[in-house]
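J.: Pasting a structure here, questions to come.
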Amino acid sequence: MPNLQATSIPEKIAQLMADKNLFDSYVYTPWEKAVIELEQRRTNVKLQDYVSQMLPHGLPEAMDLEKSYITLFRHIATPNFEIARFLAIADFQPQFKSIILEYVEDKFNDRNDGKYFLGKLRFHKKIDKNGDPIVEHANIINFNESNNKPISSIQTHWGQNLVDFHHEMFEKQFTTFANNKSDVSEWLHLHGQTAKEYYKSFLTLFLKNGILFENLFINSKEQGFTETVILPAFFEIEKECGFKPLIVTLAPKYAEADNFWNSFPYSLKKSVDGKKQW
C-alpha cells in the first residue's frame, strides 16, 4: 500500500491533494485486485455489520444483495462516450451486474461540466489534420431558467423533459442496457440533503456490494469536491472499518479530463435535429 506519512484525516487529505501519483495509487484499486478483493469481502461478517450499520435503509432498490455490481454514478444515463466506455467494460464482465445510478433530483448548475454538457450537447464529428477534434454543439435548454432547478424539472427548447430526452437517446443507442439505470435520488436524500451528508453512505455501497468506476480530480475545478466531500468520506470509512471503498478508474488517467468523455457520437446529432421545430 502506498505510504501516507500523515496520520490525521486532514493531513492525509492534504498529502494526497499535493501528489497526483500518490493520490491515484492510494484511492484507486487496480481492476484485477478489486475483483479479488470484492469476492473476499462478500463473506466478511464484521464488514457486513459495518455496512448494515452505515446503511439502515438498506441498498438502493436496484441493487440486489445477492449480486455484485460494477457501477457508474451520473446525473442522467445518456449515450456519451464516457458512458459508452463504461458499458463496453460491462459487456466483457458478465459476472457482474452493471448499473448506472442516476441523481436526477440534483440541482442543475451550469458551472459543473457534467451538468452543463447535458444542456449543451457536444457532438464529436472527426479529428482534423492537426489532430484536433471537430465538434458541433447543440444548446437544448434555457440555461438562465434552468440553473438551480431540479434536473428532473428541466424542459428542452421543444418542450420535452430533459431526463426523458437523454433516456430516449440512451435506450436507442444501448438497447441491451436500456434497463441498467436507476434513479437513486430518494435513497441519497434518506442519508442527507447535501453531498457532504450522503457521500459516506454512498461510498459504503462499494465496500462489499460493488465496484465504482470513476475518475476523481485534484487539479481542476472539481478538486474542491474531491477535497471536501469525497476524501473525508473515504478516509472516515477506512478508519472505521479498515477497508477502502473499491474505486477503479474509468477513463485512462492521461485523458481523464478531456471533454471528449462528455461528447456524443456525431451520428446522434439527428436526435436533436429531428426535434428542431422550435
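The values are calculated or read from the model by the stated rules, or taken from the named source; none is laboratory data. As the structure is a prediction and not an experimental result, all values here were calculated from the model. Virtual Cβ from ideal backbone geometry, glycine too; neighbours counted across all protein chains shown.
J.: Are any residues in the stretch 66-84 among the hydroxyl-bearing types (Ser, Thr, Tyr), in a loop (DSSP other than H, G, I, E, B) and at pLDDT 95 or above, and if so, which ones?
T.: Thr78
J.: OK, next. Can you confirm whether the stretch 93-109 contains a residue that is more than 15 Å from Leu205 (Cα to Cα), at pLDDT 95 or above, within 17 Å of the chain's Cα centre (by Cα) and part of a helix (DSSP H, G or I)?
T.: The answer is no, given that none of the residues of the stretch 93-109 is more than 15 Å from Leu205 (Cα to Cα), at pLDDT 95 or above, within 17 Å of the chain's Cα centre (by Cα) and part of a helix (DSSP H, G or I).
J.: Any idea how many residues of the stretch 187-200 are without any contact (Cβ under 8 Å) to a residue 40 or more places away in the chain and not β-branched (Val, Ile, Thr)?
T.: 7
J.: Being closer than 30 Å to Pro232 by Cβ and either free of Cβ contacts under 8 Å to residues at least 40 places away in the same chain or touching a strand residue (DSSP E or B) at 6+ places or on another chain (Cβ under 9 Å) (or both) narrows it down to one of Leu162, Leu203, so name that one.
T.: Selected residue: Leu203, the only one of Leu162, Leu203 that is closer than 30 Å to Pro232 by Cβ and either free of Cβ contacts under 8 Å to residues at least 40 places away in the same chain or touching a strand residue (DSSP E or B) at 6+ places or on another chain (Cβ under 9 Å) (or both).
J.: Here is a follow-up. Can you name the condition, by its number, that Lys221 falls short on among (1) among the charged types (D, E, K, R); (2) farther than 24 Å from Asp113 by Cβ; (3) surrounded by fewer than 17 Cβ atoms within 10 Å (Cβ to Cβ)?
T.: Looking at each condition in turn, Lys221 falls short on (2).
J.: Look at Ala18 and say whether it is among the small types (Gly, Ala, Ser) and exposed (fewer than 12 other Cβ atoms within 10 Å of the Cβ).
T.: Considered against the rule, which asks whether it is among the small types (Gly, Ala, Ser) and exposed (fewer than 12 other Cβ atoms within 10 Å of the Cβ), Ala18 comes out as yes.
J.: Which residue pairs have Cβ atoms under 9 Å apart, sit 6 or more places apart or on different chains, and have a first residue in the stretch 165-178 that is over 13 Å from Asn80 (Cβ atoms) and among the aliphatic types (A, V, I, L, M) and a second that is buried (at least 20 other Cβ atoms within 10 Å of the Cβ) and at pLDDT 95 or above?
T.: From residues that are over 13 Å from Asn80 (Cβ atoms) and among the aliphatic types (A, V, I, L, M), the pairs are Ala178/Phe170.
J.: Which numbered condition trips up Leu59, out of (1) in contact with a Leu (Cβ under 8 Å, 6 or more places away or on another chain); (2) among the hydrophobic types (A, V, I, L, M, F, W, C); (3) over 18 Å from Leu246 (Cα atoms)?
T.: Condition not satisfied by Leu59: (3).
J.: Which members of the stretch 148-159 meet the condition of being touching a strand residue (DSSP E or B) at 6+ places or on another chain (Cβ under 7 Å), in contact (Cβ under 8 Å) with a residue 40 or more places away in the chain and either outside any loop (DSSP other than H, G, I, E, B) or under 20 Å from Pro79 (Cβ atoms) (or both)?
T.: The one that is touching a strand residue (DSSP E or B) at 6+ places or on another chain (Cβ under 7 Å), in contact (Cβ under 8 Å) with a residue 40 or more places away in the chain and either outside any loop (DSSP other than H, G, I, E, B) or under 20 Å from Pro79 (Cβ atoms) (or both): Pro150.
J.: Here's a follow-up. Here are the criteria: (1) assigned to a loop (DSSP other than H, G, I, E, B); (2) among the β-branched types (Val, Ile, Thr); (3) touching a residue at least 24 places away in the same chain (Cβ under 8 Å). Tell me which single one Thr7 does not satisfy.
T.: (3)
J.: Just the residues that are more than 18 Å from Phe170 (Cβ to Cβ) and in contact (Cβ under 8 Å) with a residue 12 or more places away in the chain, please, taken from the stretch 65-104.
T.: Within the stretch 65-104, Leu65, Lys67, Ser68, Tyr69, Gln93, Gln95, Phe96 meet the criteria.
J.: If a residue has to be surrounded by fewer than 15 Cβ atoms within 10 Å (Cβ to Cβ) and either hydroxyl-bearing (Ser, Thr, Tyr) or closer than 16 Å to Ile99 by Cβ (or both) to count, how many in the stretch 156-183 make the cut?
T.: 4
J.: If you scan the stretch 110-147, which residues turn out to be crowded, with 18+ Cβ neighbours inside 10 Å and assigned to a loop (DSSP other than H, G, I, E, B)?
T.: Ile140, Ile141
Residue-wise test of (1) closer than 25 Å to Leu188 by Cβ; (2) at pLDDT 95 or above; (3) in a strand (DSSP E or B).
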residue	(1), (2), (3)
Pro2	no, no, no
Asp24	no, yes, no
Thr29	yes, yes, no
Asp49	yes, yes, no
Asp64	yes, no, no
